[in-house]
Amino acid sequence: MVGVTGRSKTCKTCKRRRIACSLERPSCNTCVKSSRVCEGYQDAPIFILDKHSKTTPPSEQNQSPKPPKSSKEPTTPTPTRDASTNTEVTRLEGTICTKEAYKSLWHFSSPHTRAVYREQILSEFLTNYPQTPSEPQAGSWLALLPTHPTYTAALEASILAVCTAKLGRTHNDESLVKESLKFYVQGLWELQRALWDDKLMYRDETVAACMCLIVYEVAECPDRSIKGWVGHLNGCSRLFQLRGPKSYKSEMAHRLFLTFRQIEIQQAIAERRSTFLSQPEWLSHPWKGHQKHISQQLLDLMAETASLIEFAYQTVGNPELQARPDILLTTILGIVGQSWKLDVKLRAFYRRLEKTTAGPLFWSKLSTKPVDIDESQESANIFPVAYQFPTMTVAHSCMVFWATTSILWSGQKALYSLLAAYKAQLDMLTPPGNGPPNLGFDLSELPSLENRVDVSVLAKNICQSVEFCMNAGPMTPTSAVFPLKVAIETLCADPTCAKELVWAEEIMERIRTGTGVRIIGHLGGKLTDRAFIPG
């Protein structure tokens with residue numbers, strides 16, 4: 001008999017004949033060679049987290065469960081007995097069996113049984129992490145998965161990896177977290193197969209599997225490095241690009257595109273490169289049949305910012321131009337002009353945002369300190385006033401706007417400093433008595449930076465908005481990660497904002513531990529290291 005003690009893995013026919021089974025699926029070779037009908041294999045029972053499951057009082061159970069060993073450990077899985085199989089199983093918090101979920105699922109021969117498991121664990125995941133009602137409906141692509149008509153093997157394994165990891169962390173069940181890693185590895189393998197299959201490569205399910213693996217890397221970061229996340233993002237970016245801008249008409253595809261778009265543009269700014277999403281066709285075609293939300297218009301400007309940053313770094317770092325200060329000065333002056341045009345577009349966006357919002361965009365309120373910061377610390381009372389917003393969508397738009405403007409203003413300050421330095425260098429190279437070089441412009445005629453010199457004001461606005469995100473829902477603090485990272489880099493550059501910097505770093509750490517964004521702890525450097533702010 002093949003298998004573990006107490007449970008046979010043979011098919012029903014070989015088991016009845018009491019002979020060795022070759023274990024092939026769906027029909028074993030032993031039955032095929034003997035011209036018999038292979039009756040298949042018996043599925044192992046599996047129990048999962050289900051919001052409808054309730055702990056039945058002992059008086060109403062056919063068989064009383066064993067009491068927990070200690071009342072001080074309510075979250076410790078307690079053994080109970082399954083009446084149908086008369087075998088002992090492990091129940092999470094006295095309700096659910098999650099033992100060997102991965103092994104059992106991938107041995108299911110019945111597609112219906114697999115679908116039931118998937119739907120139940122997805123339902124439990126979305127119940128624990130609901131979408132914020134104020135968020136744009138187009139952003140919740142995960143909410144479409146329970147009713148999605150078709151699942152590929154890659155999507156099934158990838159989404160189960162995300163769900164089991166989150167539920168394992170929620171219920172302090174390390175065994176379930178380990179099961180999620182098995183799903184993750186299986187998802188990687190299945191995704192590789194899908195990408196080599198012409199029929200599967202460009203399907204929405206393959207794109208969704210890529211996005212799920214990105215989500216898993218953000219939440220679990222199994223390699224303890226950002227390399228896995230970057231690799232998934234680069235592969236996902238290539239897949240989106242190969243599909244073309246006209247492949248996002250379906251609701252699932254469009255929502256996936258919007259989520260990817262935000263991640264890709266932010267990463268492009270961090271890597272100081274342009275992105276294909278700034279091309280005209282990618283700014284219009286994906287919205288054919290869909291309304292373009294105003295928050296997406298801000299991402300258009302962020303994509304333009306990424307292109308400007310790439311051009312600026314390529315210009316300043318060009319050794320040939322550095323040998324010709326006159327040409328370099330003219331080129332930098334052109335970049336400055338583009339930055340002012342982008343600044344005008346950002347201010348125009350802010351006015352449109354005000355017009356589309358009923359009432360003020362935000363208002364001040366005494367802080368309730370939703371984040372656990374020790375009162376004895378100096379940073380505890382840095383921001384006694386917090387900003388409140390009509391919706392989470394408006395809050396996120398304002399925070400991203402302040403972050404993008406911080407990046408632009410910091411870049412303008414750096415460009416003005418470079419202009420002054422190269423102008424002085426050119427003056428030194430000019431022979432005495434020849435007069436100043438004629439460059440066709442005068443630095444004194446450039447627009448004044450005025451209040452743009454103090455970028456820390458925008459960083460403080462972001463910090464004062466974090467409290468609203470912390471109170472909006474269990475997962476909404478993750479939307480503050482990008483703006484808060486920009487704020488930390490900005491505050492680090494201002495020596496007068498040391499206390500504010502400490503406060504912001506403490507908040508980022510609480511977002512990491514409170515929402516499970518473990519990748520924050522494995523960025524490969526300090527939070528103050530510049531990734532977004534030029535310099």
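Only residues that are assigned to a helix (DSSP H, G or I) and of a type in the set (Gly, Ala, Ser): list them for the range 295-320, please.
Of the range 295-320, the ones assigned to a helix (DSSP H, G or I) are 295-316, 319-320.
Within the range 295-320, Ser295, Ala303, Ala306, Ser307, Ala312 meet the criteria.
Against the conditions (1) touching a residue at least 40 places away in the same chain (Cβ under 8 Å); (2) in contact with a Leu (Cβ under 8 Å, 6 or more places away or on another chain), where does Leu188 fall short? Just the number, please.
For Leu188, the exception is condition (1).
Regarding Ala424, is this residue at pLDDT below 90, in contact with an Asp or Glu (Cβ under 7 Å, 6 or more places away or on another chain) and either farther than 20 Å from Lys345 by Cα or of a type in the set (Val, Ile, Thr) (or both)?
For Ala424, the condition - at pLDDT below 90, in contact with an Asp or Glu (Cβ under 7 Å, 6 or more places away or on another chain) and either farther than 20 Å from Lys345 by Cα or of a type in the set (Val, Ile, Thr) (or both) - is not met.
Could you tell me whether any residue of the range 274-294 is in contact with a Phe, Trp or Tyr (Cβ under 6 Å, 6 or more places away or on another chain), polar (S, T, N, Q), in a helix (DSSP H, G or I) and under 20 Å from Val400 (Cα atoms)?
No.
Which one of Ser284, Ser237, Ser250 is in contact with an Asp or Glu (Cβ under 9 Å, 6 or more places away or on another chain) and open to solvent by 20 Å² or more (accessible area, probe 1.4 Å)? Spell out how you get there, then give the answer.
Working: Ser284 fails: in contact with an Asp or Glu (Cβ under 9 Å, 6 or more places away or on another chain); Ser237 fails: open to solvent by 20 Å² or more (accessible area, probe 1.4 Å).
It is Ser250.
Taking the conditions exactly as written (of a type in the set (Asp, Glu) and modelled with pLDDT under 85), does Asp454 satisfy them or not? Step through it out loud before you land on a result.
Working: of a type in the set (Asp, Glu): yes; modelled with pLDDT under 85: no.
So Asp454 fails the test.
Scan the range 290-319 for residues that are of a type in the set (A, V, I, L, M), buried (at least 18 other Cβ atoms within 10 Å of the Cβ) and within 22 Å of the chain's Cα centre (by Cα) and report the count.
6
Does Leu321 fit the bill of being in contact (Cβ under 8 Å) with a residue 12 or more places away in the chain and among the aliphatic types (A, V, I, L, M)?
Details: in contact (Cβ under 8 Å) with a residue 12 or more places away in the chain: no; among the aliphatic types (A, V, I, L, M): yes.
It is false that Leu321 is in contact (Cβ under 8 Å) with a residue 12 or more places away in the chain and among the aliphatic types (A, V, I, L, M).
Please state which of the following conditions Glu264 fails to meet, knowing it meets all the rest: (1) out of contact with any Cys (no Cβ under 9 Å at 6 or more places or on another chain); (2) among the acidic types (Asp, Glu); (3) part of a helix (DSSP H, G or I).
The one condition Glu264 does not meet is (1).
So, in the range 154-184, of the ones that are more than 19 Å from the chain's Cα centre (by Cα) and open to solvent by 40 Å² or more (accessible area, probe 1.4 Å), which residue ends up nearest to Thr127 (Cα to Cα)?
Applying the filter and picking the extreme gives Asn172.
Say whether the condition of being more than 12 Å from Leu155 (Cα to Cα), part of a helix (DSSP H, G or I), free of Cβ contacts under 8 Å to residues at least 60 places away in the same chain and open to solvent by 40 Å² or more (accessible area, probe 1.4 Å) is met by at least one residue in the range 214-226.
Of the range 214-226, the ones more than 12 Å from Leu155 (Cα to Cα) are 214-226.
From the residues that got through so far, the ones that are part of a helix (DSSP H, G or I) too are 214-220.
If we keep only those that are free of Cβ contacts under 8 Å to residues at least 60 places away in the same chain too, we end up with 214-216.
When the remaining residues are screened for being open to solvent by 40 Å² or more (accessible area, probe 1.4 Å), the result is 215.
Yes, the range 214-226 contains a residue that is more than 12 Å from Leu155 (Cα to Cα), part of a helix (DSSP H, G or I), free of Cβ contacts under 8 Å to residues at least 60 places away in the same chain and open to solvent by 40 Å² or more (accessible area, probe 1.4 Å).
The values are calculated or read from the model by the stated rules, or taken from the named source; none is laboratory data. Small disclaimer: the values here were computed from a predicted structure and weren't measured. Cβ: placed from backbone, ideal geometry, glycine included. Neighbour counts: every protein chain shown. The area values use the complete protein model at the heavy-atom level, side chains included, leaving out ligands, DNA and RNA. Shrake-Rupley method; radii C 1.70, N 1.55, O 1.52, S 1.80 Å.
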